[in-house]
Amino acid sequence: MTATRPRRARALLTAVTALVLAAVLSSCSLVDDLTGRGDAEPSAAPSSSPTETYYESQFTRDGTFQSHITLEQVDFVYTLYPTKSTPRTNEWYPRGSKYFSFTFQAYDLSRGLRDPFDTKREVYLSNITVTSTTVRSDGGQAQSPYALNADAQTITLDPEPLTRGRYGMLITSPKGAFELRNQEITETDLATTGLDLTFNATVWIETAAGSANFVQQTITQQVPIAIFSSEEVTEAAEIPVNAN
């Protein structure tokens, strides 16, 4: 009987010790939960992406822009892309020059793509103009860092485009297209956040294939371009004049 009591006392002491230890550990866990001092991996600090587009722009986001404008059953296609001198559109800053190229072409939708060319209506481009307007974060006066106003046949990449008197140069696919490369957007105020280019093409559309009767239209397209806030200068590589 006397030997049993010490064993019971030791067992009771062990049980009490376990309960106290469990309470202490539970208390520590609760403190950690309340103060955030657990052993979990800390989350990474948020950071802004250098490629975030602040001014909505397909050209900036995709590195190219293409639009289809249908008129008189003719598909007019503007295509713009940055040149190899400044290819990274997420690094177009207010300072420094930015360069782009563009094409303009017409497709006669009243005929099949593979139909003979002489069954398609001809479309000619006589004049091409481009204006530009900057968007600023400070509400200041807009600038115009790019402008163009010219007879298409005198500036297109093709040195011998197909022409027709006062109507200008042929742009009907697949035998004609207007192309202009390495156009310079000059530097702007540091508050610039975006740029809108507005294209206006004066075209002559043949009313019927082989009729030699034409109607005049103006094909307008606006292209937004993002400009990223920075004091850095847009880095431009020197390339040949006629390179992309």
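The values are calculated or read from the model by the stated rules, or taken from the named source; none is laboratory data. The shown structure was predicted, so the numbers you read here are calculated from the model rather than taken from an experiment. Please note: Cβ atoms are built from the backbone with ideal geometry, for glycine as well, and neighbour counts cover all protein chains shown.
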Single residue of Thr154, Thr163, Thr198 found to be hydroxyl-bearing (Ser, Thr, Tyr) and out of contact with any strand residue (DSSP E or B) (no Cβ under 7 Å at 6 or more places or on another chain): Thr154
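Out of region 185-201, which residues are closer than 15 Å to Phe65 by Cα and charged (D, E, K, R)?
Just the residues of region 185-201 that are closer than 15 Å to Phe65 by Cα, to begin with: 195-199.
Of everything in region 185-201, just one residue is closer than 15 Å to Phe65 by Cα and charged (D, E, K, R), namely Asp196.
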Count of residues meeting criterion [over 20 Å from Val223 (Cα atoms) and either in contact with a helix residue (DSSP H, G or I) (Cβ under 8 Å, 6 or more places away or on another chain) or buried (at least 20 other Cβ atoms within 10 Å of the Cβ) (or both)] in region 130-155: 1
Region 214-240: number of residues that are modelled with pLDDT under 95, aliphatic (A, V, I, L, M) and under 17 Å from Pro145 (Cα atoms): 1
Some residue of region 77-85 being at pLDDT 95 or above, outside any strand (DSSP E or B), closer than 23 Å to Arg164 by Cα and in the same structural domain as Leu197 (by TED's automatic domain parsing): no
Check on Ala18, of a type outside the set (Lys, Arg), surrounded by 10 or more Cβ atoms within 10 Å (Cβ to Cβ) and modelled with pLDDT under 95: yes
Neighbours by Cβ (under 8 Å, 6+ apart or cross-chain): first from region 115-142, free of Cβ contacts under 8 Å to residues at least 12 places away in the same chain; second hydroxyl-bearing (Ser, Thr, Tyr) and assigned to a strand (DSSP E or B): Ala142/Thr133; Ala142/Thr134
Test result for Gln216, without any contact (Cβ under 8 Å) to a residue 60 or more places away in the chain, over 18 Å from the mean Cα position of the chain (by Cα), assigned by TED's automatic domain parsing to the domain that holds Glu91 and closer than 29 Å to Leu71 by Cα: yes
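Mind checking whether some residue in region 131-142 is assigned to a loop (DSSP other than H, G, I, E, B) and within 28 Å of Thr83 (Cα to Cα)? Outline the logic, then answer.
Of the residues in region 131-142, the ones assigned to a loop (DSSP other than H, G, I, E, B) are 137-142.
Next, from what is left, pick out any that are within 28 Å of Thr83 (Cα to Cα): 137, 142.
The answer is yes, given that some residue of region 131-142 is assigned to a loop (DSSP other than H, G, I, E, B) and within 28 Å of Thr83 (Cα to Cα).
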